[in-house]
Amino acid sequence: MSKLKLTRRDFLKASGASLFLAGLPIPGYTQDKPPGTISVIILEGGMDGLAAIPPFGDPNLMSMRKAMTPDNYLKLNSFFGLHPSFNFFSGLMAKNNAAVVHATNFPYLLRSHFEGQNFMQGGGLAPFSETTGWLGRSLDLAKTPGRALSLDMPLILRGHNEVDNFFPASIKSSSKLKDNLIDMITQSHTNESAASFGKLKKKVGMEVKNMPRDPASLAVYAGKEMAKENGPLASVIKVDQFDTHANQGSDENGNHGAQLTVVDDILKGYKEGLGDAWDRSIILTLTEFGRTAFANGTNGTDHGYGSAGLLAGGMINKSKIITQWPGLSKRELFEERDLMSTIDYRSVCAACIEKALGLDHDVIADKVFFNPKLPRVFDYIFS
């Protein structure tokens, strides 16, 4: 009898990911759509930016983490490379449809997954300071006449406007409850909208049953939905297992490399699903923190500070690496252990909102991130 061989990549695909869509138009509402769409890939656990985008030009890199730095990295320039898992992303860089932001993160310093994930999704001034998320508030400000229908709406997509966003996060995921949920929404709307939700009830039953589970297929599905004339304007895909305290590995076959392959597959899936709508799309990654600059005693890394962000989409027209590189000498590290963050990643998110949703930076800084002094990095990314 032959034995079934299950690779780590197969396991990750089987374990699945979470997909959320928002900004679904209300029937009969007429208003110009924003310039583009925005998608977020949340990398839970803390992505290692030094492994994903290795700064091989820094003289301290190899002495710190030789066992976790790939030999077969893809060269970006004379200083930075790409992890070999990023085959598709490398092609996007070559076609001027991608960018990298390095030595960056949300300004959270305490290295707690629980707090860090809440902070990066809420976008407030401190963890647990907000009951809405930065992308949900952005959709509110863009006056997108949309509803987000999900039984587990993540904080990042929650908005102030209860009419436009519906997120019963405590409801269990069963088809019967989905039907009851849609019935409740239907009863509170006009005949025209109610009829649309009636059709949605039938559609949800079929689509939930046939919903793909692996991350790449979810991205294809999301892209196809967003490409529709009245499709959603925003999507979020959550992927976990980036908390590589042990046996992190260096190449695409290691624990961290396998996760980066999943990210690469998601980007490829979005490109396939969006089709021509790729030209008006922006995709960005989020992670709650980076990893330690030094390897630990179990060939892994621990919770750190600075990391890297990946940007992709047709609204990016020039590939580049955006960084104020701090260096990796001990005196240049944060608390002598972590990559320093020199770019506030909220500024990167703000630039993507400005491009995709057409909002003014000052409005985003004040009303979305509650920081009127938030630096504008739009021109560094999009010019």
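The numbers here are math on the coordinates, done by the rules we state, and not lab data. These figures come from a predicted structure and were not determined experimentally. A quick note on method: Cβ atoms are made from the backbone with ideal geometry, for glycine too, and the neighbour counts reach across all protein chains shown.
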Kindly put 83, 303 in sequence by how many other C-beta atoms sit within 10 Å of each C-beta, fewest to most.
-> 303, 83
What's the long-distance tail for segment 255-383, i.e. % of Cα pairs beyond 27 Å?
-> 30
Where the centroid of each part is defined by its Cα atoms, how far is segment 54-101 from segment 281-354 in Å?
-> 13
Inter-label distance, nm, simple model (7 Å from Cα along the C-beta direction), residue 324/residue 229 = 4.7
Within-13-Å neighbourhood charge of residue 348 [Cβ basis; K, R +1; D, E -1] = +1
Packing-based order for 115-124, 97-106, using average beta carbon neighbours within 10 Å, highest first | 97-106, 115-124
For an R0 of 22 angstrom, estimate the FRET efficiency from the Cβ-Cβ distance between residue 143 and residue 95 and round to the nearest 0.05.
-> 0.10
Counting sequence-distant residues (5 or more places) and residues on other chains, those with an amide H built under 5 Å from that of residue 18 are 238
For residue 338, residues with placed amide H under 5 Å, excluding near neighbours = 293
5 angstrom amide H check on residue 285, placed H, neighbours 5+ away = 41, 310
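Just subtract the alpha-carbon distance of residue 367 and residue 332 from 0.36 nm times their residue separation and send over the number in nm, one decimal. Walk me through the numbers before you get to the answer.
Details: separation 35, 0.36 × 35 = 12.60 nm, distance 3.37 nm.
Contour length minus the Cα-Cα distance gives 9.2 nm.
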P(r) over all Cα-Cα pairs of segment 25-123, 5 Å bins from 0 to the longest distance, whole percent per bin, short to long, reads 2, 9, 16, 17, 15, 15, 12, 5, 4, 2, 2, 1, 0
Ranked by how many other beta carbons lie within 10 Å on average, peptides 314-325, 347-358 from highest | 347-358, 314-325
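Sort the following peptides by mean Cβ neighbour count (other Cβ atoms within 10 Å, averaged over residues), highest first: 39-49, 58-68.
In decreasing order of mean packing, 39-49, 58-68 become 39-49, 58-68.
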Applied in sequence order to segment 46-52, the curve 6.51 cos²θ - 1.76 cosθ + 1.60 (Karplus, θ = phi - 60°) yields integer Hz couplings, x standing for Gly and Pro, of x, 6, 7, x, 6, 8, 5
Beyond 19 Å between alpha-carbons counts as too far, so tell me which of 95/238; 33/228; 95/268; 95/320; 75/355 fall in that bin.
-> 95/238; 75/355
